[in-house]
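Asks: Below: one structure in structure tokens.
The values are calculated or read from the model by the stated rules, or taken from the named source; none is laboratory data. Because the structure is predicted, anything quoted here is derived from the model rather than measured. Here the Cβ is made from the backbone with ideal geometry for all residues, glycine too, and neighbour counts use every protein chain on show.
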Amino acid sequence: MGNNKKEKQKIALNGIVASPGIVQGKVRIVKSPKDILKAKREEIIITPFLDPDFIILLKKNDQIKGIVTNEGGATCHAAILAREFQIPYLAGVEKATKVFKNNMRITLDGEKGTVYEI
Amino acid sequence: MKYDKFSKIESIKEIKRYSLPHPETIFVFDLRKEEKKVDKFLKGKKIVSIRSDKRGQPQFCPNIPRCRSSKAKSLIRKINKQGYAVILHEYLHVKKGRIAAGHILILKNHILMELISFGPVSRLDRQGVVEEIIKFRKDDLTEVEHFGRKLAEKGVFKKIAKLVKNIPCFKILDFVLMERGVYFYQIQNDKTSKKLRD
């Protein structure tokens, strides 16, 4: 007997490993720099990019578990800082802010360069 | 040591040590004593780039990427008075005659290039704009990864990779590729890149 229930397609996107490490956590979509301070333990922030205003605040919140950005690469200022703080970071994940939603549980695989819903 | 702890000036000296092509550059610590050198540099140039550096404080230094030569001396004087050494560069247009610009990261086994087509490299650094990424294997310069649109003809970036392949690992170079050639203008250590998969 086949299962008639349609299984929901899980989201999976690829990006550039800017800071390695594998973490699981809840999504927090960050649109303005101040939202970074609201990020709680176990949260992976997803944002268009970490410009210098974001980075200053990133230093103030040591609870962030991981970072995913739509833009960026492994040589950007944000990538160097993420490596320094040992926060797994996947850059250049196009549409990440559109397809992932707040509180979704995800795995950021900063070894293979993928981020996916769990 | 005259240049000790002037990190940007030391960086340009390092580029020269590796015999990499770089924009014509002079350093001005005190315009009153070095006016002849500055006059000679400005001769025949309509536009120049002014950067500055302070011992032990490389950030937030005055920076005028595009400056008319006629105004350069008064600005140098002002910057020197504030306690900064001036780095006076030949101006490289951010659009006209520009093919690409970006970063080159030297890893142990690979060379990674992240590139933009126009504008200052701060677009890449601070805004995260990346238009092309190329990863070369260091030993034979085979292209092992490529993302984005091709900004230059085939083989151009491989030639640039060849110029830097013997530079010590875990350094990031900033460069500009103009129609008339390639120019390196900064090199920095990036110890954090040891953590990247190589």
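Asks: So in the range B:140-169, with the set limited to residues that are small (Gly, Ala, Ser) and surrounded by 12 or more Cβ atoms within 10 Å (Cβ to Cβ), which one is farthest from A:Thr75 (Cα to Cα)?
Replies: Going through the range B:140-169, the residues small (Gly, Ala, Ser) turn out to be B:148, B:152, B:155, B:161.
If we keep only those that are surrounded by 12 or more Cβ atoms within 10 Å (Cβ to Cβ) as well, we get B:148, B:152, B:161.
Working: B:Gly148: 16, B:Ala152: 20, B:Ala161: 16 Å.
Within the range B:140-169, the match that is farthest from A:Thr75 (Cα to Cα) is B:Ala152.
Asks: Taking the range A:82-96 as the region of interest, how many residues are closer than 22 Å to B:Phe147 by Cβ, within 8 Å of chain B (Cβ to nearest Cβ) and outside any loop (DSSP other than H, G, I, E, B)? Write out each step before concluding.
Replies: The initial filter retains those residues of the range A:82-96 that are closer than 22 Å to B:Phe147 by Cβ, namely A:82-83, A:88-96.
From the residues that got through so far, the ones that are within 8 Å of chain B (Cβ to nearest Cβ) too are A:83, A:91-92.
Now narrow it down to the ones that are outside any loop (DSSP other than H, G, I, E, B): A:83, A:91.
Residues in the range A:82-96 being closer than 22 Å to B:Phe147 by Cβ, within 8 Å of chain B (Cβ to nearest Cβ) and outside any loop (DSSP other than H, G, I, E, B): 2 in total.
Asks: Further question on the same structure: Of the numbered conditions (1) in contact with an Asp or Glu (Cβ under 9 Å, 6 or more places away or on another chain); (2) among the hydrophobic types (A, V, I, L, M, F, W, C); (3) over 23 Å from B:Arg180 (Cβ atoms), B:Ile26 fails exactly one; give the number of that condition.
Replies: (3)
Asks: Then there is this: For the condition farther than 18 Å from A:Arg105 by Cβ, surrounded by fewer than 19 Cβ atoms within 10 Å (Cβ to Cβ) and within 14 Å of chain B (Cβ to nearest Cβ), what is the one hit in A:Asp35, A:Asp53, A:Asp62?
Replies: Values: A:Asp35 fails: within 14 Å of chain B (Cβ to nearest Cβ); A:Asp62 fails: within 14 Å of chain B (Cβ to nearest Cβ).
Just a single option satisfies the conditions, and that option is A:Asp53.
Asks: Which condition does B:Phe147 not pass, out of (1) hydrophobic (A, V, I, L, M, F, W, C); (2) at pLDDT below 95; (3) part of a loop (DSSP other than H, G, I, E, B), if it passes all the others?
Replies: Result: B:Phe147 fails condition (3) only.
Asks: Does the range B:115-138 hold any residues that are within 9 Å of chain A (Cβ to nearest Cβ), touching a residue at least 12 places away in the same chain (Cβ under 8 Å) and not in a strand (DSSP E or B), and which are they?
Replies: B:Leu124, B:Asp125, B:Val129, B:Val130 - these are the residues of the range B:115-138 that are within 9 Å of chain A (Cβ to nearest Cβ), touching a residue at least 12 places away in the same chain (Cβ under 8 Å) and not in a strand (DSSP E or B).
Asks: I need a count of the residues in the range A:43-81 that are at pLDDT 90 or above, among the β-branched types (Val, Ile, Thr) and part of a helix (DSSP H, G or I).
Replies: Qualifying residue count, the range A:43-81: 1.
Asks: Given the condition under 27 Å from B:Leu107 (Cβ atoms), out of contact with any Leu (no Cβ under 7 Å at 6 or more places or on another chain) and touching a residue at least 24 places away in the same chain (Cβ under 8 Å), answer yes or no: does some residue in the range A:99-110 qualify?
Replies: Initial filter on the range A:99-110 (under 27 Å from B:Leu107 (Cβ atoms)): A:107-110.
This time we only want the ones that are out of contact with any Leu (no Cβ under 7 Å at 6 or more places or on another chain), so: A:107, A:109.
Those left that are additionally touching a residue at least 24 places away in the same chain (Cβ under 8 Å): A:107, A:109.
Yes; the residues of the range A:99-110 include at least one that is under 27 Å from B:Leu107 (Cβ atoms), out of contact with any Leu (no Cβ under 7 Å at 6 or more places or on another chain) and touching a residue at least 24 places away in the same chain (Cβ under 8 Å).
Asks: Quick check on my filter: what residues within the range A:65-92 are buried (at least 24 other Cβ atoms within 10 Å of the Cβ) and more than 9 Å from the chain's Cα centre (by Cα)?
Replies: A:Gly72, A:Gly73, A:Ala74, A:Thr75, A:Cys76, A:Ala78, A:Ala79, A:Ala82, A:Gly92
Asks: Does A:Lys8 count as surrounded by fewer than 23 Cβ atoms within 10 Å (Cβ to Cβ), more than 11 Å from chain B (Cβ to nearest Cβ) and part of a loop (DSSP other than H, G, I, E, B)? Spell out how you get there, then give the answer.
Replies: Details: surrounded by fewer than 23 Cβ atoms within 10 Å (Cβ to Cβ): yes; more than 11 Å from chain B (Cβ to nearest Cβ): yes; part of a loop (DSSP other than H, G, I, E, B): yes.
Answer is yes for this residue.
Asks: While we're looking at this one, here's another question. Which ranges mark the strands (runs of 3 or more DSSP E) fully within the range B:1-99 that have 2 or more residues being loosely packed, with under 12 Cβ neighbours inside 10 Å? Talk me through it step by step, then tell me what you get.
Replies: Numbers: elements: B:25-28, B:47-53, B:64-68, B:85-90.
Counting at least 2 such residues, we get no strands (runs of 3 or more DSSP E) at all.
Asks: I'd like to check something: does the range B:170-186 contain any residue that is surrounded by 14 or more Cβ atoms within 10 Å (Cβ to Cβ), within 21 Å of A:Ala79 (Cβ to Cβ), without any contact (Cβ under 8 Å) to a residue 60 or more places away in the chain and within 18 Å of the chain's Cα centre (by Cα)?
Replies: No, every residue in the range B:170-186 fails to be surrounded by 14 or more Cβ atoms within 10 Å (Cβ to Cβ), within 21 Å of A:Ala79 (Cβ to Cβ), without any contact (Cβ under 8 Å) to a residue 60 or more places away in the chain and within 18 Å of the chain's Cα centre (by Cα).
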